[in-house]
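Engineer: This structure is in structure tokens; I'll ask about it shortly.
The values are calculated or read from the model by the stated rules, or taken from the named source; none is laboratory data. Just so it is clear, the structure is predicted and the values come from calculations on it, not from any experiment. Ideal geometry is used to build each Cβ from the backbone, glycine not excepted, and the neighbour counts take in all protein chains shown. Heavy atoms of the whole protein, side chains included, go into the accessibility calculation; ligands, DNA and RNA do not. Shrake-Rupley method; radii C 1.70, N 1.55, O 1.52, S 1.80 Å.
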Amino acid sequence: MKGSEAIIESLKVAGVEVVFGLPGGMVIPLYDALYDSDLKHFLVRHEQGAAHMADGYARATGKTGVCIATSGPGATNLVTGIANAYMDSTPMVAITGQARSDLIGTDAFQEADITGITEPIVKHSYLIKNPNDISRIFKEAFYIASTGRPGPVLIDIPADMQLAEIDYKPAGKIDLPGYKPTLKGHKKQIISAAKAIAAAEKPVFYAGGGIITAGADKELLAIAKLMKIPVTTTLMGLGGFPEDNDLSLGMLGMHGTGYANYAVTHSDLLIGVGARFDDRVTGKLATFARHAKKIHIDMDPAEISKNIAIDIPIVGDARDVLAGILAELKKMKRDPKKTAQWLDQVIAWKKKHPLHYKDEKGSIMPQFVIEEVNRITKSNAILCTDVGQHQMWSALFYKHLKPRHWISSGGLGTMGFGFPAAIGAKVGCPDKTVIDIAGDGSFQMNIQELATAVCYDIPVVVCILNNGFLGMVRQWQELFWSKRYSETVISCQPDFAAVAEAYGALGMTITKKQDVGDAIRTAIKSKRPAVLDFRVKPEENVFPMVPAGKSIDEMIGGHKT
Amino acid sequence: MKHTLSVLVENKPGVLARVAGLFSRRGFNIDSLAVGITENPDVSRMTITVDAEEHPIEQVTKQLHKLINVIKITDLDAEKTVARELALLKVKSDAKTRAEVMQLAKIFRAQILDVSRKTITIEITGTFEKIDALEQLLQPHGVVEIVRTGRIAIERGEK
């Protein structure tokens, strides 16, 4: 068997069904082996698209996403996608071709030290130097990518390794002496946490992406209901707790809801689960949840007390730990009225500081487009976004009910992520309606993947909230830089609908509020890739907003007048 | 306070780069680093000294643990540890001063490795402080070059 065939075989052993990639000189042998296999390969138009598709596929399905690129520029084009997966803990295996092993280090044609380049942004990486290691390395790579705190693993494979004749043997038992993720929470800590929860009068859950990774949403809901604890989620945690539940506070942080930020600030117990106390969540660290005792449940020990001191740390799988806490709570004497006053306070905040925006006659408000998407899809679509204003409006004005239905670039904040991620999500979940909310700036960063969507007939609906600006930066310039709109005005723009049509997709331009709903319905019904260019109010801001470096209860804007 | 971390790692390509890269990107400074294979050829030991006043040692070790090839990390307790460093010092010395330099070396139980008309090269083994002390005494003669290995350390007793 050839090395390249061993790679395909190893992918099958790992349960891989689809891969996203683009061939090049140093992966010709691999693509030759792929030619005879029944692996479904999606040819992208730029390798960054392949990485984001693998990422979106992984987030929608929970399976490990796989992308392939050639050496040199192919590999470096993956870098943003790998970094994005790393920051958001997505399980991914990235396969890159490499110059022949005897040429490595000679600045050979299309040679790039991709294991070196990606070292800070991968969970682990391999450079294959012996073709007999292929099956073992692939087995390890998929295991590392998908277990513990998931993340991307890169495998760099010189061309001669793919060509080598080997005696293929399936990989044996995994032997990684330095990698043993802690899954089970410490029993004593679980009991301490349960006691603290039972004793709290003003508790609040702060749930992150770990809830979704661990599949811990049911356990979270059970504890919240049992103990009457309000729940706020991070951007990554959206969908981890149903927002139609009275206990939901929506998102917290820089663009969080007023009531979430007030609840966290005034809480006496903060229960962080699968979240990492990121600066966009905490604002000024010294005042974040300053009255609260803090419990932190996380898979990654390095996240505990990284940014903020924790009173009760629990390392482990969120589902296992929450199930343990729930079991303890059920055994305890509980006072169902303990949080009653607190919940009254939360309701008062919700009434006083609701999410809202001011409708403007003659304009399509961007928030309205999101509300329409929500209404038409009955909160049942997979929603993907890039980064910026459209992302925050999608986070705030869509009702997130279920896990794995929200796919957004959180940690890295990558423009151009949403569309390819939506393609990946649709490939993984063909029965779901997949909507990509994009900005007119960010959509152009991976617009070429329209060809991929059309070619494979992947009907995702792109809703561009077209305001003619790099909107979030413009908002900062408006609020903090004296309205000096330096290079945030996109004065020269393509006709997005025409571009879409040119690619063979459905394109529409929507300039009137009353046409918004129809356009969304038509696009979904068409079962074609579609681009809806909504000309929204240009200088609308995302509110509420916590200015950088302020405490999260020091919000500006968003007050109902 | 200086901490000495004894880190067992898989003896695989790129491990040193991963460890060194982690220190730099997390903003931790390495004071010294010594690497060598252990009694098990598949495993290497890195002895890393870091200034823990600047960086919480807990974060350093937790981040190190996340590297797949890192097997075990021990923050060595100075009182239960024997630590040594080796240094080679090339000192300016001619016929007039040679005797004095050699006498200093003898006091420190250092070895003379090489003598030329104008220099003496001395090998010294000992603690960080001992090597510093000899260096300071030799400074007036003119130290041409110093090469230090960085600290290596082992726990006392049977363990």
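Engineer: If you add up the charges near A:Asp167, with Lys and Arg at +1 and Asp and Glu at -1, over every other residue whose beta carbon is less than 14 angstrom from its beta carbon, what do you get?
Structural biologist: Values: positive: A:Lys2, A:Arg136, A:Lys169; negative: A:Glu5, A:Glu9, A:Asp133, A:Glu165.
Net local charge, A:Asp167 excluded: -1.
Engineer: What size of dipole, in debye to the nearest 20, comes out for the range A:366-535 about its Cα centre when the only charges are +1 on Lys and Arg C-beta atoms and -1 on Asp and Glu C-beta atoms?
Structural biologist: Working: 17 positive and 15 negative charges, 113 e Å.
Computed charge dipole of the range A:366-535: roughly 540 debye.
Engineer: Give me a comma-separated list of calculated 3J(HN,Hα) values for the range A:514-519, in order, Karplus coefficients 6.51, -1.76, 1.60 applied at θ = phi - 60°, integers in Hz, x for any Gly or Pro.
Structural biologist: 5, 8, 4, x, 4, 4
Engineer: I'd like to check one number: the per residue accessible area of the range B:82-155, probe 1.4 Å, reported in Å² as a whole number.
Structural biologist: 62 Å²
Engineer: Lysines near A:Lys63 by alpha-carbon distance under 19 Å, same-chain residues fewer than 8 away left out - which ones?
Structural biologist: Qualifying lysines at Cα under 19 Å: A:Lys12, A:Lys40, A:Lys123, A:Lys139, A:Lys402, A:Lys426, A:Lys432.
Engineer: Please work out the FRET efficiency for the pair A:Lys432 and A:Glu17, using the Cβ-Cβ distance as r and a Förster radius of 22 Å; give the result to the nearest 0.05. Let's see the in-between values first.
Structural biologist: Numbers: r = 17 Å, r/R0 = 0.76.
Taking R0 as 22 Å, the efficiency between A:Lys432 and A:Glu17 is 0.85.
Engineer: Now for a different question. For chain A, the longest stretch holding no GluC sites (Glu not before Pro) located in a DSSP loop with at most 16 other Cβ atoms within 10 Å is which?
Structural biologist: A:18-200
Engineer: For the pair B:Arg156/B:Asp132, report the inter-label distance in nm, with labels modelled 7 Å from Cα in the Cβ direction.
Structural biologist: 2.1 nm
Engineer: Between the range B:17-94 and the range B:113-144, how many Å separate their Cα centres?
Structural biologist: 25 Å
Engineer: When the accessible area of each residue in the range A:158-183 is compared between its chain alone and the complete protein assembly (1.4 Å probe; ligands, DNA and RNA ignored), which residues differ by at least 40 Å², being lower in the assembly?
Structural biologist: Checking the loss per residue gives A:Pro177, A:Gly178.
Engineer: For the range A:520-561, what size does the Cα cloud have along each of its three principal axes, sorted from largest down, in whole Å?
Structural biologist: 46, 21, 17
Engineer: Per DSSP H run of at least 4 residues, take -39500 (n - 2.57); add these up for chain A, divide by its residues and hand me the 222 nm value, nearest 500 deg cm²/dmol.
Structural biologist: -10500 deg cm²/dmol
Engineer: I'd like to know which of A:Ile376, A:Ser267, A:Ala548 lies farthest towards the positive end of the charge dipole of chain A, counting +1 on Cβ of Lys and Arg and -1 on Cβ of Asp and Glu.
Structural biologist: The residue sitting farthest along the positive end of the dipole is A:Ser267.
Engineer: Still on this structure, I have one more. Roughly what percent of Cα-Cα pairs across the range A:101-209 reach past 18 Å? List each step's numbers first, then the result.
Structural biologist: Values: 3877 of 5886 pairs.
Above the 18 Å cut-off, the range A:101-209 has 66 percent of its Cα pairs.
Engineer: I'd like the FRET efficiency for A:Tyr485 and B:Thr81, computed as 1/(1 + (r/R0)^6) with the beta carbon distance as r and R0 of 56 Å, rounded to 0.05.
Structural biologist: Computed FRET efficiency for A:Tyr485 and B:Thr81 comes out at 0.40.
Engineer: Among B:Thr119, A:Gly428, A:Thr282, which residue has its Cα positioned farthest towards the positive end of the charge dipole of the protein assembly as shown, with +1 placed on the Cβ of Lys and Arg, -1 on the Cβ of Asp and Glu, and the dipole taken about the Cα centre?
Structural biologist: The residue sitting most towards the positive pole is A:Thr282.
Engineer: Please name whichever of B:Ile152, A:Trp342, A:Tyr456 sits farthest to the positive end of the charge dipole of the protein assembly as shown, dipole taken about the Cα centre and charges placed at Cβ: Lys and Arg +1, Asp and Glu -1.
Structural biologist: Comparing the listed Cα positions along the dipole, A:Trp342 ranks first.
Engineer: Provide the gained length on full extension for the span A:Arg375 to A:Lys218, in nm with one decimal, where the gain is 0.36 nm per separating residue minus the Cα-Cα distance.
Structural biologist: Full extension from A:Arg375 to A:Lys218 adds 54.1 nm.
Engineer: What is the sum of charges, Lys and Arg at +1 and Asp and Glu at -1, for the other residues whose Cβ falls under 14 Å from the Cβ of A:Ala453?
Structural biologist: The answer is 0.
Engineer: Right, another one. Taking every Cα atom in the range B:1-59, find the radius of gyration and the maximum pairwise distance Dmax, and write them in Å.
Structural biologist: When restricted to Cα atoms, the range B:1-59 yields Rg and Dmax of 11.8, 34 Å.
Engineer: Convert 4 °C to kelvin, take the viscosity as 1.567 mPa s, use the Kirkwood radius over C-alpha pairs of the range A:342-439 as Rh, and evaluate the Stokes-Einstein diffusion coefficient in µm²/s, rounded to a whole number.
Structural biologist: 89 µm²/s
Engineer: Using only the C-alpha atoms of the range A:187-352, find the volume of their convex hull and express it per residue in Å³.
Structural biologist: 94 Å³
Engineer: Given charges of +1 on the Cβ of Lys and Arg and -1 on the Cβ of Asp and Glu, with all other atoms neutral, how large is the dipole of the range A:336-394 about its Cα centre, in debye to the nearest 20?
Structural biologist: 440 debye
Engineer: Rounded to the nearest 100 Å², what's the accessible area chains A and B bury against each other, both chains counted, probe 1.4 Å?
Structural biologist: That pair of chains buries around 1400 Å² in total.
Engineer: Pop out the carbon and sulfur fraction of the accessible area of the protein assembly as shown as a percent, whole number, probe 1.4 Å.
Structural biologist: 53 percent
Engineer: Let me ask something else. Can you tell me the length gained on complete extension of the stretch B:Arg26 to B:Thr74, counting 0.36 nm per residue apart and subtracting the Cα distance?
Structural biologist: Contour length minus the Cα-Cα distance gives 15.3 nm.
Engineer: With +1 on each Lys and Arg Cβ and -1 on each Asp and Glu Cβ, how big is the dipole of the range A:3-163 about its Cα centre, in debye rounded to the nearest 20?
Structural biologist: The calculated dipole for the range A:3-163 is roughly 540 debye.
Engineer: Enumerate the whole-percent occupancy of each 10 Å bin, from 0 to the last occupied one, for all C-alpha pair distances of the range A:366-535.
Structural biologist: 11, 43, 36, 9, 1
Engineer: After finding the eigenvalues of the alpha carbon gyration tensor for the range B:1-109, what semi-axes result from the square roots of 5 times each, listed largest first in whole Å?
Structural biologist: Listed largest to smallest, the semi-axes of the range B:1-109 are 34, 17, 14 Å.
Engineer: Which loop chymotrypsin sites (Phe, Trp or Tyr not before Pro) in the range A:13-117, with loop taken from DSSP, have no more than 15 other Cβ atoms within 10 angstrom of their Cβ?
Structural biologist: Here the sparse-neighbourhood loop sites are A:Phe109.
Engineer: For the range B:50-159, what percent of Cα pairs sit more than 17 Å apart?
Structural biologist: So the pairs more than 17 Å apart make up 63 percent of the total in the range B:50-159.
Engineer: In whole angstrom, how long is each semi-axis of the equivalent ellipsoid of the protein assembly as shown, when you take the square root of 5 times every eigenvalue of its Cα gyration tensor and sort them from largest down?
Structural biologist: Listed largest to smallest, the semi-axes of the protein assembly as shown are 50, 34, 25 Å.
Engineer: A further question follows. Distance between the C-alpha centers of the range A:404-460 and the range A:163-214? Whole Å please.
Structural biologist: Going from one Cα centre to the other spans 29 Å.
Engineer: Here is a follow-up. Roll a 1.4 Å probe over the protein chains and send me the accessible area per residue for chain A in Å².
Structural biologist: 39 Å²
Engineer: What residues of the range B:36-77 lose no less than 30 Å² of accessible area with every protein chain in place versus their chain by itself (probe 1.4 Å, heavy atoms only)?
Structural biologist: Output list: B:Gln59, B:Lys62, B:Lys66, B:Ile68, B:Ile71.
Engineer: Here's something else I'd like to know. Compute the orientation-averaged projected area for the range A:266-309 from the convex hull of its Cα atoms and round it to one decimal in nm².
Structural biologist: 2.8 nm²
Engineer: In square nanometres, what is the average projected area of the Cα convex hull of the range A:23-179?
Structural biologist: Its Cα hull, projected and averaged over all orientations, spans 9.1 nm².
Engineer: So for the range A:7-57, Kirkwood radius off the Cα pairs, Stokes-Einstein at 25 °C and 0.890 mPa s: how many µm² s⁻¹? The partial results should precede the final answer.
Structural biologist: Numbers: Rh = 11.4 Å.
This corresponds to a translational diffusion coefficient of 215 µm²/s.
Engineer: On to the next question. Using 0.36 nm per residue, how much length does the chain from A:Asp167 to A:Asp335 gain when fully extended, once their Cα-Cα distance is taken away? Each step should come with its number before you reach the end.
Structural biologist: Details: separation 168, 0.36 × 168 = 60.48 nm, distance 6.59 nm.
That works out to 53.9 nm of additional length.
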